[in-house]
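Structure first, then comments.
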Amino acid sequence: DVKVTQSSRYLVKRTGEKVFLECVQDMDHENMFWYRQDPGLGLRLIYFSYDVKMKEKGDIPEGYSVSREKKERFSLILESASTNQTSMYLCASSRLRSEQYFGPGTRLTVT
Amino acid sequence: QKEVEQNSGPLSVPEGAIASLNCTYSDRVSQSFFWYRQYSGKSPELIMSIYSNGDKEDGRFTAQLNKASQYVSLLIRDSQPSDSATYLCAVNNYGGATNKLIFGTGTLLAVQP
């Protein structure tokens with residue numbers, strides 16, 4: 001079974017804090033993705049990575065950065081959290097040209 | 001026009017009936033198609049993938065693909081209250097070295113006991 005884990009299920013941070021969200025997959029997948037999901041807006045891609053140290057911007061990268069130092073781990077960084085970044089954050093991984101598997105999600109609240 | 005369109009619902013069906021969920025996509029070069037189920041407060045779970053025209057069956061689920069009409073559907077036979085969830089359609093055209101998926105906004109299915 002594919003397993004994608006995320007560091008926290010629920011997180012509460014203050015405006016201006018630096019926030020790290022971590023994602024780990026155990027299936028040696030090449031591709032990893034970060035999405036956010038908001039009511040009425042669906043899943044929106046923030047960043048993705050197709051190899052170690054490689055990354056590409058998704059549809060809404062502003063205010064976020066990512067790091068992929070090891071194949072199994074993909075981190076999302078909010079440099080200075082803002083209230084409009086309150087959301088459900090979902091990590092996914094996949095083999096090249098294959099279906100994506102999602103982690104359990106992190107519900108982030110920025111106050 | 002949105003790249004992947006789904007009726008947001010809610011689609012309400014009685015227990016035991018067939019639920020039919022529909023999805024249209026705009027990019028003719030799309031090559032693979034996926035259905036995800038998402039329970040409230042949970043993450044999406046892959047339930048079906050389909051790559052060629054026709055039907056693909058897996059238990060109570062059947063995915064149907066018609067590339068000429070740019071249409072993919074999911075049928076759920078003998079619907080159960082536990083099938084109540086949001087169903088996301090996702091489409092991939094294998095652009096570049098990655099497989100970015102384009103998601104619809106989902107259809108909320110409510111199965112009435």
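See the values below:
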{"item": "Of residues in segment A:1-59 being open to solvent by 90 Å² or more (accessible area, probe 1.4 Å) and under 17 Å from A:Val110 (Cα atoms), the one modelled with the lowest pLDDT", "result": "A:Pro39"}
{"item": "Those strands (runs of 3 or more DSSP E) lying entirely in segment B:1-60 with at least 1 residues without any contact (Cβ under 8 Å) to a residue 40 or more places away in the chain and surrounded by 14 or more Cβ atoms within 10 Å (Cβ to Cβ)", "result": "B:45-50, B:54-58"}
{"item": "Every residue from segment B:61-98 that is outside any strand (DSSP E or B), over 17 Å from A:Arg44 (Cβ atoms) and polar (S, T, N, Q)", "result": "B:Ser69, B:Gln70, B:Ser79, B:Gln80, B:Ser82, B:Ser84, B:Asn93"}
{"item": "Positions within segment A:31-73 being away from chain B (no Cβ under 11 Å) and among the aliphatic types (A, V, I, L, M), in sequence order", "result": "A:Ile46, A:Val52, A:Ile60, A:Val66"}
{"item": "Residue match in segment B:14-22 (condition: touching a Gly at 6+ places or on another chain (Cβ under 9 Å) and more than 17 Å from B:Thr105 (Cβ to Cβ))", "result": "no"}
{"item": "Condition check for A:Met88: surrounded by fewer than 14 Cβ atoms within 10 Å (Cβ to Cβ), under 15 Å from the mean Cα position of the chain (by Cα) and among the aliphatic types (A, V, I, L, M)", "result": "no"}
{"item": "A:Glu99, sole failed condition from (1) open to solvent by 20 Å² or more (accessible area, probe 1.4 Å); (2) over 20 Å from B:Tyr36 (Cα atoms); (3) within 11 Å of chain B (Cβ to nearest Cβ)", "result": "(2)"}
{"item": "Residue within segment B:84-96 that is modelled with pLDDT under 95, open to solvent by 40 Å² or more (accessible area, probe 1.4 Å) and of a type in the set (A, V, I, L, M) present", "result": "no"}
{"item": "Residue in segment B:51-61 that is within 14 Å of chain A (Cβ to nearest Cβ) and at pLDDT below 95 present", "result": "yes"}
{"item": "The lone exception for A:Ser87 - which of (1) within 21 Å of B:Asn99 (Cα to Cα); (2) within 14 Å of chain B (Cβ to nearest Cβ); (3) modelled with pLDDT of 95 or more it fails", "result": "(1)"}
{"item": "From the options B:Arg77, B:Arg37, residue that is modelled with pLDDT of 95 or more, under 19 Å from B:Leu11 (Cα atoms) and touching a helix residue (DSSP H, G or I) at 6+ places or on another chain (Cβ under 9 Å)", "result": "B:Arg37"}
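The values are calculated or read from the model by the stated rules, or taken from the named source; none is laboratory data. Just so it is clear, the model here is predicted, and its values are computed rather than measured. Glycine gets a Cβ as well: all are built from the backbone with ideal geometry, and neighbour counts include every protein chain shown. Remember, those area values only see protein heavy atoms, side chains included, never the ligands or the DNA or RNA. Shrake-Rupley method; radii C 1.70, N 1.55, O 1.52, S 1.80 Å.
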